[in-house]
1. Considering amide H positions built from the backbone, and no H for Pro or chain starts, which residues 5 or more places from His226, or on another chain, come under 5 Å of its amide H?
2. Per-residue HN-Hα couplings for the stretch 292-309, Karplus 6.51 cos²θ - 1.76 cosθ + 1.60 at θ = phi - 60°, whole Hz, x for Gly and Pro?
3. What are the residues whose amide H is under 5 Å from the amide H of Val38, where those residues sit 5 or more places off or on another chain and H is modelled from the backbone?
4. Would you please name the GluC sites (Glu not before Pro) within the stretch 125-228 that are DSSP coil residues with at most 11 other C-beta atoms within 10 Å of their C-beta?
5. Starting from the stretch 188-262, pick out the trypsin sites (Lys or Arg not before Pro) whose DSSP state is loop and whose Cβ has at most 12 other Cβ atoms within 10 Å.
6. Please identify, among Leu137, Leu68, Leu200, the residue showing maximal mean-square fluctuation in a Gaussian network model of the chain using a 10 angstrom Cα cutoff.
7. Can you list the aspartates and glutamates whose alpha carbon sits under 19 Å from that of Lys302, skipping same-chain ones fewer than 8 residues off?
8. Restricting to Cα pairs below 8 Å that are 6+ residues apart, what does the relative contact order work out to for the chain? Please round to a whole percent.
Amino acid sequence: MRIAIVTDAWYPQVNGVVRTLSTTGRYLEMQGHTVYFVNPQEFQTIPCPTYPEIRLAIVLGSGIARRLDYFQAEAIHIATEGPLGHATRRYCVHRKLPFTTSFHTQFPEYINLRAPVPIGWSYAYLRRFHARAARTLVPTESQKLKLKSWRFQNLKIWARGVDTSIFKPGNPKIFDLPRPIHMYMGRVAVEKNIEAFLDLELDGSKVLVGDGPDFDQLKLRYQGAHFLGAKFGHELAAHLAGADVFVFPSRTDTFGLVLLEAMACGLPVAGYPVQGPVDVVAEGVSGCLDEDLGKAIRGALKLKRQDCVEHAQRFSWDSNTRHFASCLAPFKGAA
């Protein structure tokens, strides 16, 4: 099947959405499909307000139509609700073509953290965006239930996987720091609630791997923590494998791909009992979740690393990508 995936989130951004889509595209190709990503790199862009690292495409409908017509797509998936997503939605509606969408990010909560926009207004806007889709794919059961409460329809679960050829316990980095090593890895931004981790009084060391709009100001405020910047691939896996516990203070993630990557490296997770962690972490086996984050950390430090690895290995990119393909809405007569 010739599958067009339209996304406003793409490289050089480093986040779970980009990693999810690029990995899914790779596995779709391995499974015999032809994939074309319509992404901001093909257009002129402007910085996103309050988040300049994200570039938004300046796009006209004709630009989308030309690309999709040339590709001769047999199924179209709109991954994001930005300018490219909106232009593709108009293209599909105008031509009476079925399409699917996915819900990756809790934008209403993110926007509310940056501006006084009521969450209900944003969810109403997003509900209208997704309403014409044949199916809207969501990463977890708790996300599905949440969107149902906001009156979204035609929801299907599409989970995530972990690349165990990269994320594995071997070859850990040796940290010359006091133990235990408490690690956060991910985007350094307000919606990740990182201060809840950094404000804790903990024995050992706090290590943060990642970059984002709040990196400089947090590094200045919390000089006792170790801010290492972004790491990738096997180097990232080595940093994870060399730590003692993975601290995930976010309350707004829809899944938390980094949770799987940490557990696959043998790192138990400590976090809040909220959407994302409750769907991904096996309580008391691969992590501990508690409204008292310090208590969750103390519990997670007692868990067996091999149990974390075995739990993460249950999440397969191959099977989840096959499920993604089965949820698409091929055009009439397409293979």
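Computed from the coordinates by the stated procedures, all read-outs in this text should not be read as laboratory data. In this text, all values refer to a predicted model and were calculated from it rather than measured experimentally. Cβ: placed from backbone, ideal geometry, glycine included. Neighbour counts: every protein chain shown.
1. Those qualifying (amide H under 5 Å, at least 5 residues apart or on another chain) are Lys206, Val207, Leu208.
2. Result, rounded to whole Hz: 8, 4, x, 5, 4, 5, 4, x, 5, 5, 8, 7, 7, 5, 5, 5, 5, 4.
3. Distant-sequence amide H within range of Val38: Ile5, Val6, Thr7.
4. Glu201
5. Passing both the DSSP loop test and the Cβ count: no residue.
6. Result for the chain, Cα springs under 10 Å: Leu200 fluctuates most.
7. Glu201, Asp203, Asp244, Glu283, Asp290, Glu291, Asp292, Glu310
8. Normalised by residue count, the contact order of the chain is 17 percent.
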